[in-house]
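The values are calculated or read from the model by the stated rules, or taken from the named source; none is laboratory data. Owing to the predicted nature of the structure, the values given are computational and were not obtained by experimental measurement. Here the Cβ positions follow ideal geometry from the backbone for every residue, glycine too, while neighbour counts run over all protein chains shown.
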Amino acid sequence: MTSPLDSYTASMGDLHFSDEAKARMAESLRAAAAARDAEKNAQPAAPAEVLTMPARRPARPHARRWVRVAAGLALALVLGGGATVAVAVGVLPNPADVLSDVFGGAPSQTELLNDVGRPIGASATSNGVTVTAEAVAGDRFNYAVAYSIEFDDPAALEGIEFHEGGTLTYVGDAFLRVDGAMSGGGLVRLYDADPGDNTLQLVQVMGVQTWNDAGIVGRTARFSMSKLEIYADDGGFKTLAAGNWNLKFEMNYVDTTVDLPAGQTTTWQGSAVTIDAVAVSSLGVTVDYTIDRQTRDLALPGEVSDEALEEQATTIGLPVIVTFADGTTFDATDANGSAVKHGDGTTTVSKATTYDHIVDTDDIVSVTVGDVEIPVSAA
Amino acid sequence: MQIPRNALDRDPERLVRDYADLVLRVCYTYLRSTADAEDVCQDTLVKLLLREEPFHDPGHERAWVVRVAANACRNLLRDRGAHPAVGLDDVPEPAAAQTPGEDALRRRDERVLDTVMALPLPQREAVYLHYYEGYPTREVARIVGATDAAVRQRLSRARASLRDDLKGDYDDFPA
């Protein structure tokens, strides 16, 4: 071995549970599966029966614990849903007031953003810092959520060197899980919109893929954060806040998604492509296609080279261009996406991303996928 | 969009076989200890067992397991006041077969592991997910809830730390 990372991976590879521990876990997992099956077969009118199951089962401590966990989860499924953790206090902001930094501030865009977006008002406080989800806007697979982060300590933001426009290089661990979303990507912006207050603004803009294409509108979103850090100019991390912020809200906004005709075929770098789905909205674009090619995974250590990325682009690099009525275009080629390989040698690629401004769907002329131009008027 | 919905079986034997050691390594990475690994593994695999939504493929399922186990570890760290209860000196070394003549290499491997485990958690998790699990940085970013740029920065800083701390032991460092 010549690299310390080779040594590291070898050492980690040596970590393993004993066979006895694995057998114990498998046995306990079977007990949990039995509890699940029993719950499924139970009468609908008696969901509480699930809670009595662990007591009936003579099992070792670990097995009992597994059954208890399973029963708890099953009960949660029976009860279903859940309320927003925090309720709105005071006057909720207009979506445009807190999202215009992402989607532009022209009056027409402000009006659109207020039409599409919705206020939220869910908040959580920890260690003197209150995180509030202010507003959300989105479409079937894209969303933008604006948060405020208010510090009780008026001096908390003193001494911080902001970049131009009041921005900071965010390196925290804020995470928003939207029910049904199984992959996605996007950006997080942290900035100070008003240097005169003790509040920072955080915006998450994401495009996601869902496991069944059901869309995310109306789904429950769960925000969690344990630290707010920035990357300082001296090369180190600076922690602005540490604590435990968890809040929940609904992805409630006006979905302006328009499905365009699909099924067209083309080629990309010599491979046959079938366009499976194309959709546009006021906020973004979504494209799914299947290409008759598979590239190697960039998963092995040392393989994330420029050459490997170029190879991957032969599958996921199919150009996607959105053309607007004023003649401007938006390049969505490098949108957030996922690629799924199939047994027949093809790959299904899904891309979703938001524009850098909000538009009226009537002002979207076309989406060009590869060399196939799909007019929105054909929808 | 046509997504294959090949339902991966949730056979308990398979789940333990495929993921128990994975969760153990996740625990070790996050907690610097394997003491809670069995509990974390239990919770993670029960959630997997009860999850009703299908996975795209084994890779999707595996990433889900990593994320759930990592979240469980983060919760444990929070419960402990965001500080691991076990010091580095108390970290159990991985059990590896040791043969005569390999002592020097073994000591070097231990030093490397200690050095990686001494990295800050964001760098440690990035190193584990990228170099051990083999996820590209974009996927690591998705798992840990950070940006791709942040993950690349963490990896870069981790490599720089290893380069400084292990200077002389190795000639070949990744850029």
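Worth pointing out:
- If you check B:V68, B:V91 for being touching a Lys or Arg at 6+ places or on another chain (Cβ under 7 Å) and at pLDDT below 75, only one passes: B:V91.
Rundown of residues vs (1) touching an Asp or Glu at 6+ places or on another chain (Cβ under 9 Å); (2) crowded, with 22+ Cβ neighbours inside 10 Å; (3) without any contact (Cβ under 8 Å) to a residue 60 or more places away in the chain; (4) not in a loop (DSSP other than H, G, I, E, B), yes/no style:
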position: B:R107; (1), (2), (3), (4): no, no, yes, yes
position: B:V112; (1), (2), (3), (4): yes, yes, yes, yes
position: B:V116; (1), (2), (3), (4): no, yes, yes, yes
position: B:P122; (1), (2), (3), (4): yes, yes, yes, yes
position: B:L129; (1), (2), (3), (4): yes, yes, no, yes
position: B:R138; (1), (2), (3), (4): yes, no, yes, yes
position: B:A150; (1), (2), (3), (4): no, yes, yes, yes
position: B:Q153; (1), (2), (3), (4): no, no, yes, yes
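- Total residues in the stretch A:335-372, condition among the basic types (K, R) and crowded, with 22+ Cβ neighbours inside 10 Å: 1
- Test: A:A63 is more than 7 Å from chain B (Cβ to nearest Cβ), part of a helix (DSSP H, G or I), at pLDDT 85 or above and at negative phi: no
- Residue check for A:T239: on the phi < 0 side of the Ramachandran plot, surrounded by fewer than 16 Cβ atoms within 10 Å (Cβ to Cβ) and either within 11 Å of chain B (Cβ to nearest Cβ) or in contact with a Cys (Cβ under 7 Å, 6 or more places away or on another chain) (or both): yes
- Exactly one residue out of B:E53, B:E13, B:E61 is out of contact with any Leu (no Cβ under 6 Å at 6 or more places or on another chain) and at pLDDT 85 or above, and it is B:E13.
- Unmet requirement for A:T256, which otherwise passes all of (1) surrounded by 18 or more Cβ atoms within 10 Å (Cβ to Cβ); (2) in contact with a strand residue (DSSP E or B) (Cβ under 8 Å, 6 or more places away or on another chain): (2)
- Note on the stretch A:244-261: residues that are within 14 Å of chain B (Cβ to nearest Cβ) and in a loop (DSSP other than H, G, I, E, B) total 1.
- Hey, A:T347 β-branched (V, I, T), within 12 Å of chain B (Cβ to nearest Cβ) and out of contact with any Gly (no Cβ under 6 Å at 6 or more places or on another chain) or not: yes
- Qualifying residue in the stretch A:202-215 (condition: closer than 20 Å to A:V131 by Cβ and more than 12 Å from chain B (Cβ to nearest Cβ)): yes
- B:A96, sole failed condition from (1) at pLDDT below 90; (2) in a helix (DSSP H, G or I): (2)
- The stretch A:143-180 - residue that is in contact with an Asp or Glu (Cβ under 7 Å, 6 or more places away or on another chain) and within 26 Å of A:N114 (Cα to Cα) and, of those, surrounded by the fewest Cβ atoms within 10 Å (Cβ to Cβ): A:G166
- Tally, over the stretch B:30-62, of residues that are at the interface with chain A (Cβ under 8 Å from one of its Cβ atoms), under 18 Å from B:E125 (Cα atoms) and either in contact (Cβ under 8 Å) with a residue 60 or more places away in the chain or not small (G, A, S) (or both): 2
- When the stretch A:167-188 is limited to residues that are among the charged types (D, E, K, R) and more than 7 Å from every other protein chain (Cβ to nearest Cβ), the one that is nearest to A:R140 (Cα to Cα) turns out to be A:D179.
- Residue in the stretch A:276-296 that is more than 26 Å from the chain's Cα centre (by Cα), among the hydrophobic types (A, V, I, L, M, F, W, C), at pLDDT below 95 and under 30 Å from A:L113 (Cα atoms) present: no
- Residue within the stretch A:236-243 that is part of a strand (DSSP E or B) and either polar (S, T, N, Q) or over 18 Å from A:V129 (Cα atoms) (or both) present: yes
- Residue in the stretch A:189-204 that is within 30 Å of B:E52 (Cα to Cα) and either part of a loop (DSSP other than H, G, I, E, B) or at pLDDT below 85 (or both) present: no
- No other residue among A:T295, A:T314 is among the β-branched types (V, I, T), touching a helix residue (DSSP H, G or I) at 6+ places or on another chain (Cβ under 6 Å), touching a residue at least 24 places away in the same chain (Cβ under 8 Å) and more than 17 Å from A:T257 (Cα to Cα) apart from A:T295.
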